[in-house]
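A.B. asks: Let me begin by handing over the structure; questions about it come next.
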Amino acid sequence: EVNAGFFYSNAEQREAMVAAERRQVDEKVRRIIELKNKVCSGNDNNFVVINQKGIDPLSLDLLARAGIIALRRAKRRNMERLVLACGGEAVNSVDDLTPGCLGWAGLVYEHVLGEEKYTFVENVKNPHSCTILIKGPNDHTIAQIKDAVRDGLRAVKNTIEDEAVVLGAGAFEVAARQYLVNEVKKTVEGRAQLGVEAFADALLVVPKTLAENAGLDTQDVIIALKGEHDRGNIVGLNQHSGDPIDPQMEGIFDNYSVKRQIINSGPVIASQLLLVDEVIRAGRNMRKPT
């Protein structure tokens, strides 16, 4: 992208400059039309030009007469996504235009949604980028749907990168709690046992929250889940009925990396909060009159 300036001292120079600019633009249009005729002759294919900058009306008319759809002022990020979706490459000059620079799409059309016009590019061959269209009755609903879609995509991304999942519906937390209390607690002595037990009980916040959100009695739910785990059954909570279920059979899983981050960050954050509490008390004591 080049920015340049120029000066002219009279009307004749200005007219000459305008004519030279027109010839240059017409030459660019001619080369685009030549490429279109080269790749579209003898078939039913159409030709689309998408430009990040503006296109003057005369050039639009010339392209339209040649059967070329021209779209102007596309955003930079959309240009990058188009390359990923359709193939080809974005070019800054028409000097080296070849068929290898072109992408491919089965359908390109304009559609009006509300008061806005959108151009849809569909039926691409090997897309590496796409757009999810979200519609709703109001901005709040659209924001909720957008957050849900984003969370779902991130969950899928984490699963692909981790190459592993853990059982959801609170099954992992209850199983980890039972293991800490029944196995790990026996390997430590003294007050450390209280720490193990406190950390184990803290893990039950997840199944308790699931039960509260479903309007269930948290004590009954936790007792039922603990009983099943003590009998060797790895189960989670069915929020609809309140009964224990097998998360694997129901297809309920959580991200491994998310669980690992929670377990690693929880004790660190708790320790930091305790330290902050001590600093606050010391500061208040310092401000007391003597």
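A.B. asks: Say each of K38 and D217 gets a label point 7 Å from the Cα, pointing the same way as Cα to Cβ; how far apart are those two points in nm?
C.D. replies: 8.0 nm
A.B. asks: Relative to the present Cα-Cα distance, how much length would full extension add between V25 and H111 at 0.36 nm per residue of separation?
C.D. replies: On the way: separation 86, 0.36 × 86 = 30.96 nm, distance 2.94 nm.
Taking 0.36 nm per residue and subtracting the Cα distance, the gain is 28.0 nm.
A.B. asks: Which semi-axis lengths, in whole Å and largest first, follow from the square roots of five times the eigenvalues of the Cα gyration tensor of the chain? The partial results should precede the final answer.
C.D. replies: Details: eigenvalues 807, 157, 63 Å².
Those come to 64, 28, 18 Å.
A.B. asks: Moving on. Multiply the residue separation of D96 and H240 by 0.36 nm, subtract the distance between their alpha-carbon atoms, and state the gained length in nm to one decimal. Don't skip to the end; give the middle numbers.
C.D. replies: Details: separation 144, 0.36 × 144 = 51.84 nm, distance 6.32 nm.
Extra length available between D96 and H240 comes to 45.5 nm.
A.B. asks: If every alpha-carbon in segment 11-131 counts as one equal scatterer, what log10 I(q)/I(0) does Debye give at q = 0.15 1/Å?
C.D. replies: Listed by q, the Debye log ratios stand at -0.76.
A.B. asks: Is it possible to state the helix-based mean residue ellipticity at 222 nm for the chain, with each DSSP H run of 4+ residues giving -39500 (n - 2.57), the sum divided by total residues, to the nearest 500 deg cm²/dmol? What is it?
C.D. replies: Rounded to the nearest 500, it is -17500 deg cm²/dmol.
A.B. asks: If you don't mind, another one. Filter the trypsin sites (Lys or Arg not before Pro) in segment 17-80 down to the DSSP loop ones having no more than 14 other Cβ atoms within 10 Å, then list what survives. Can you show the working numbers first?
C.D. replies: Details: sites: R22, R23, K28, R30, R31, K36, K38, K53, R65, R72, R73, K75, R76, R77; in loops: K53, R72, R73, K75.
Passing both the DSSP loop test and the Cβ count: K53, R72, R73, K75.
A.B. asks: What ranking, highest mean first, results for peptides 257-264, 176-183 when packing means the other Cβ atoms within 10 Å averaged over each residue? Present the calculation step by step, with values, prior to reporting the outcome.
C.D. replies: Working: 257-264: 13.8, 176-183: 15.9.
In decreasing order of mean packing, 257-264, 176-183 become 176-183, 257-264.
A.B. asks: Could you sort the peptides 130-140, 80-90, 97-107 by per-residue average Cβ neighbour count (10 Å cutoff), highest mean leading? Don't skip to the answer; put the middle values down first.
C.D. replies: Numbers: 130-140: 9.5, 80-90: 16.1, 97-107: 12.9.
Ranked from most to least packed, the peptides come out as 80-90, 97-107, 130-140.
A.B. asks: Okay, next question. Count neighbours as other Cβ atoms within 10 Å of each site's Cβ, and list the chymotrypsin sites (Phe, Trp or Tyr not before Pro) in segment 1-87 that are DSSP loop with at most 13 such neighbours.
C.D. replies: On the way: sites: F6, F7, Y8, F47; in loops: F6, F7, Y8.
When the chymotrypsin sites (Phe, Trp or Tyr not before Pro) of segment 1-87 are filtered for loop state and at most 13 Cβ neighbours within 10 Å, F6, F7, Y8 remain.
A.B. asks: What is the Rg over Rh value, at two decimals, for segment 168-216, using alpha-carbon atoms and the Kirkwood definition of Rh?
C.D. replies: Working: Rg = 12.3 Å, Rh = 11.3 Å.
That ratio equals 1.09.
A.B. asks: Something else: Once the piece of chain linking L153 and V276 is laid out straight, how much longer is it, given 0.36 nm per residue of separation minus the C-alpha distance between them? Provide the component values of the computation, followed by the final result.
C.D. replies: On the way: separation 123, 0.36 × 123 = 44.28 nm, distance 3.61 nm.
Separation in residues times 0.36 nm, less the Cα-Cα distance, equals 40.7 nm.
A.B. asks: Per residue, how big is the convex hull of segment 105-210 when only Cα atoms are used? Give it in Å³. It would help to have the intermediate numbers written out before the result.
C.D. replies: Details: hull volume 16.3 nm³, N = 106.
Spread over its residues, the Cα hull of segment 105-210 gives 154 Å³ apiece.
A.B. asks: A further question on this structure: Over all pairs of distinct alpha carbons, what does the Kirkwood formula give as the hydrodynamic radius of segment 165-287, in Å? Present the calculation step by step, with values, prior to reporting the outcome.
C.D. replies: Working: mean 1/r = 0.0625 Å⁻¹.
It works out to 16.0 Å.
A.B. asks: Okay, moving on. Based on the Cβ-Cβ distance from E89 to I132, what FRET efficiency comes out when R0 is 22 Å, to the nearest 0.05?
C.D. replies: Working: r = 25 Å, r/R0 = 1.13.
With R0 = 22 Å, the Cβ-Cβ based efficiency is 0.35.
A.B. asks: Between the alpha-carbon centers of segment 31-76 and segment 127-206, tell me the distance in whole angstrom.
C.D. replies: Result: 50 Å between the Cα centres.
Every read-out reported here was derived from the displayed coordinates using simple, explicitly stated rules and does not represent laboratory data. All values reported here derive from a predicted model rather than from experimental measurement. Glycine gets a Cβ as well: all are built from the backbone with ideal geometry, and neighbour counts include every protein chain shown.
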